[in-house]
Amino acid sequence: MLEFIQGEILEATPAYVVMQNNGLGYFINISVNTYSDVSGKKEGVLYIHEIVREDAYMLYGFARKNEREIFRSLISVSGVGANTACMMLSSLSPAEIKTAIVQEQVNTLKAVKGIGAKSAQRIIVDLKDKLEKEPGEGEIISTSDNTSREEALSALVTLGFSKKQVEKVLDTLTSQEPDLNVESLVKKALKKL
C-alpha cells in the first residue's frame with residue numbers, strides 16, 4: 001500500500017496530476033483543494049489512497065493528511081464513492097465538510113453536485129459521532145494559530161488526557177495568549193490538567 005508519492009509534477013489539472021518518481025509516471029486523481037496546493041510547483045508530495053478493483057487501479061492524492069482522512073471517512077459511507085468524495089472535497093474544504101457533518105448542516109452538503117438530501121443525511125448519521133470524537137486538523141477554532149493548538153491537543157490526548165478536558169484548557173490558554181507555540185501550550189496545559 002502506498003502512503004505517499006514524492007516527485008516531479010509533470011502535469012497538473014484541477015482533476016488530476018501526473019507525477020514522476022524513479023522513472024515511473026503516476027496518474028493521480030486530486031481535488032481542487034489539492035490542486036491549489038500543487039499548482040505551479042515543479043515538485044511535491046501527495047498522500048495517497050489506493051483503490052484496487054477488478055477492472056481498475058486508481059490513485060487519489062491529497063496535499064494534506066487531514067484531507068485524505070476526510071476522503072476515507074466519506075467513502076466509508078454507503079452510496080458515497082471515490083468520485084463523489086473527491087467532488088465534495090473540490091467544493092468544500094476538509095474543515096467545512098467536518099463542520100457541516102458535526103453541526104448537521106444538510107443544506108451545505110446538498111449544495112455539492114451529486115449529493116441529495118438522503119445522501120447528506122446518511123453522511124451525517126454515519127460520520128457525526130466519529131468526527132466529533134477524533135482530534136485533529138480541520139477543526140474550526142477561533143484562535144490565530146490553529147496548527148499550534150491542534151498539535152498541542154494531539155500531544156496531550158496521546159499522553160492520556162481526555163479530549164474535552166484538554167480542549168477547554170487549550171481554549172482558555174489560546175484566548176489569553178494567542179501567540180503561544182506548541183511547546184509553551186503543552187507546558188502550560190500540563191500545569192492546569
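Between helix 65-75 and the chain, what is the angle of the helix's C-alpha long axis to the longest principal axis, kept within 0 to 90° and rounded to the nearest 10?
That works out to roughly 70 degrees.
Once the dipole of the chain is set up with Lys and Arg at +1 and Asp and Glu at -1 on Cβ about the Cα centre, which of 88, 32, 127 lies farthest towards its positive end?
Of the candidates, 127 comes out farthest on the positive side.
Which residue, chosen from 45, 7, 63, occupies the Cα position most advanced towards the positive end of the dipole of the chain, where the dipole is computed from +1 (Lys, Arg) and -1 (Asp, Glu) charges on Cβ about the Cα centre?
In the chain, that residue is 63.
Quick one: putting +1 on the C-beta of Lys and Arg, -1 on the C-beta of Asp and Glu, what dipole do you get for the stretch 3-55 around its Cα centre, in Debye to the nearest 20?
Computed charge dipole of the stretch 3-55: roughly 180 debye.
Treating the angle as unsigned and between 0 and 90°, give the value, to the nearest 10°, between the Cα long axis of helix 117-133 and the longest Cα principal axis of the chain.
Approximately 50 degrees, to the nearest 10.
Could you give the length gained on full extension between residue 110 and residue 191, defined as 0.36 nm per residue of separation minus the Cα-Cα distance, in nm?
The residue 110-residue 191 span can extend by a further 24.7 nm.
Which percent, to the nearest 5, of DSSP beta bridges fully inside the stretch 1-96 are antiparallel?
Around 90 percent of the beta bridges assigned by DSSP in the stretch 1-96 are antiparallel ones.
Answer rounded, prolate or oblate for the stretch 4-62, using the Cα gyration tensor with square roots of eigenvalues a ≥ b ≥ c: rounded when a/c is under 1.5, else prolate when a/b is larger than b/c, else oblate.
Taking the square roots of the gyration eigenvalues as a ≥ b ≥ c, the stretch 4-62 is oblate.
Could you work out the helix-only [θ] at 222 nm for the chain, with each DSSP H run of four or more residues adding -39,500 (n - 2.57) and the total divided by the number of residues, to the nearest 500 deg cm²/dmol?
Rounded to the nearest 500, the figure is -15000 deg cm²/dmol.
Where a ≥ b ≥ c are the square roots of the eigenvalues of the C-alpha gyration tensor, would you call the chain rounded, which needs a/c under 1.5, or, failing that, prolate if a/b is larger than b/c, or oblate?
oblate
Under a Cβ-only charge scheme (Lys and Arg +1, Asp and Glu -1), can you give me the dipole magnitude of the stretch 53-193 about the Cα centre, in debye to the nearest 20?
It works out to roughly 320 debye.
Tell me, what ³J(HN,Hα) does each residue in the stretch 57-64 have, in order and in whole Hz, if you take phi through Karplus 6.51 cos²θ - 1.76 cosθ + 1.60 with θ = phi - 60° and put x for Gly and Pro?
Calculated HN-Hα couplings, in order: 10, 10, 10, 10, x, 9, 5, 10 Hz.
Starting from the Cα gyration tensor of the stretch 146-192, take the square roots of the eigenvalues, sort them a ≥ b ≥ c, and report rounded, prolate or oblate (rounded when a/c is under 1.5, otherwise prolate if a/b is larger than b/c, else oblate).
Note, shape of the stretch 146-192 comes out prolate.
A short reminder: the numbers here are calculations on the coordinates, not readings from a lab. Note that the structure is a prediction, hence the values are computed from the model and not measured. Heads up, the Cβs are rebuilt from the backbone with ideal geometry, glycines too, and the neighbour counts pull from every protein chain shown.
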